[in-house]
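Visitor: Okay, handing you the structure first.
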Amino acid sequence: MRYIIAVSGGVDSVVLLDMLVKESRDLVVAHFDHGIREESAADAKFVGELAEKYGLVYETKREELGNNASEESARERRYEFLRDVAKKNGAKIVTAHHADDLVETIAINLIRGTGWRGLAVLDSPDIERPLLGMTKKDLLAYAKKHKLQWREDATNKDTKYLRNDVRRKLAALDADAHRLLLLLRDRQVALRHEIDRENTQIIGESPYSRYLFTHAPEPAALELLRAVLVREAGQAPTRPQLARALHAVKVYHAGKACGVGGGISLTFSKSRFNVDVV
């Protein structure tokens, strides 16, 4: 199996790469240069030299997202690049997310009001994350022990970015609180998989019954409709998109269509509906 290693040049991904090279895996180093920081080109050069040092194939792409690009847009473009590289190579993506990243992501999701799924984070089926059992402190210790070099991202201390502000505040949490959050996350991931399996069995096949969604309790109806949209469109809708879609399923007349967003629309007969994707 070939693996695409997402390497930013920071200590986390540099440690991940060094560990995987020692396992003699078939690796491709991938780096996305978002063009947000002036030094991002130097980061790309550093990662390229690192790949050369290990004798690995190097895939990179630069985009000019600009200084005002959001964390979310940069993340989306990065994953789009990684998935393109993985498809090209018939490979699986590996990222350097660690235990502290899990805790930060849970906190951010709770702040944003993402609901119960906000605890079941960093669990994409097409991405491996072998460092989730390690903390940032563990990774720094490994890097120093093995005399690794890495690049520091100056924006990591800029609290205008939500993740950096959350990271600073979470520094006050003790080890027991961290462990509890990680245990809750593992439980939520398991529950999510069970719920997703049940939803798939309940929703049936297209065209879908409106009766099911209009008579189920709203929380259940939203979960079931989410399963429909993920199956048909290959993407998870936002909560506002789900609410809009459920409202349409309940009240739209036959022959009417509802644009949900993200290129998804619903078309209705009297008792059923179809999902169309542009």
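Visitor: Roughly how tilted is helix 40-54, in degrees to the nearest 10 and between 0 and 90, from the longest Cα axis of the chain?
Guide: So the helix axis and the longest Cα principal axis differ by about 70 degrees.
Visitor: A further question on this structure: To check you understand DSSP bridge types, tell me what percent of the beta bridges within the chain (both residues inside) are antiparallel, rounded to 5.
Guide: For the chain, the DSSP antiparallel bridge percentage is about 40.
Visitor: Among SER265, GLY204, LEU148, pick out the residue whose Cα is farthest towards the positive end of the charge dipole of the chain, where Lys and Arg carry +1 and Asp and Glu carry -1 on C-beta, about the Cα centre.
Guide: GLY204
Visitor: Quick one: ASP100, ASP26, fewest Cβ neighbours within 10 Å first, how do they rank?
Guide: Result, fewest neighbours first: ASP26, ASP100.
Visitor: Enumerate the calculated ³J(HN,Hα) couplings along segment 117-122 in order (Karplus 6.51 cos²θ - 1.76 cosθ + 1.60, θ = phi - 60°), each rounded to whole Hz, writing x wherever the residue is Gly or Pro.
Guide: Once rounded to whole Hz, the list reads 5, x, 8, 8, 9, 6.
Visitor: Of the options LEU229, LEU246, VAL275, report the single residue whose Cα projects farthest towards the positive end of the charge dipole of segment 205-277 (beta-carbon charges: Lys, Arg +1; Asp, Glu -1).
Guide: Farthest towards the positive end: LEU246.
Visitor: Please list 3J(HN,Hα) in residue order for segment 264-273, calculated via the Karplus relation 6.51 cos²θ - 1.76 cosθ + 1.60 where θ = phi - 60°; whole Hz, with x for glycine and proline.
Guide: 9, 9, 10, 10, 10, 9, 5, 10, 9, 8
Visitor: Please list, in chain and number order, the residues 5+ apart from ILE93 or on another chain whose amide H is under 5 Å from its amide H, with Hs placed from the backbone.
Guide: ILE4, GLU128
Visitor: Relative to the longest principal axis of the C-alpha atoms of the chain, give the angle of the C-alpha long axis of helix 175-203, reported between 0 and 90° and rounded to the nearest 10°.
Guide: 40
Visitor: Long-range amide H contacts for ARG151: which residues qualify at under 5 Å (H placed 1.01 Å from N, peptide plane, sequence gap of 5 or more or a different chain)?
Guide: GLY10, VAL11
Visitor: While we're on this one: What are the residues whose amide H is under 5 Å from the amide H of ARG272, where those residues sit 5 or more places off or on another chain and H is modelled from the backbone?
Guide: Sorted by chain and number, the residues that satisfy this are ARG210.
Visitor: Can you give me the C-alpha center-to-center distance between segment 207-278 and segment 63-120, rounded to a whole angstrom?
Guide: For segment 207-278 versus segment 63-120, the Cα centre distance is 26 Å.
Visitor: Still on this model: Taking square-rooted eigenvalues a ≥ b ≥ c of the alpha carbon gyration tensor, is segment 7-68 rounded, prolate or oblate, where a/c under 1.5 means rounded and, failing that, a/b exceeding b/c means prolate?
Guide: Since a/c reaches 1.5 and a/b is larger than b/c, the shape of segment 7-68 is classed as prolate.
Visitor: Also, I was wondering about something else. Over segment 42-151, calculate the relative contact order: mean separation of alpha carbon pairs under 8 Å at least 6 apart, over the residue count, as a percent.
Guide: Computed over segment 42-151, the figure is 25 percent.
Visitor: Nearest 10 degrees, 0 to 90: what angle lies between the long axis of helix 99-112 and the longest principal axis of the chain (Cα atoms)?
Guide: Around 40 degrees separate the two axes.
Visitor: Over the chain, what is the relative contact order in percent, taking alpha-carbon pairs closer than 8 angstrom and at least six residues apart?
Guide: It comes to 15 percent, rounded to a whole number.
Visitor: Please tell me the relative contact order of segment 205-277 in percent, rounded to the nearest whole number, where contacts are Cα pairs under 8 Å and at least six residues apart.
Guide: 35
Laboratory data are not the source of any read-out in this text; all were calculated from the coordinates shown. Predicted model, so just to flag it, every value in this text is computed and none were measured. Here Cβ is always computed from backbone atoms with ideal geometry, including for glycine, and neighbour counts include all displayed protein chains.
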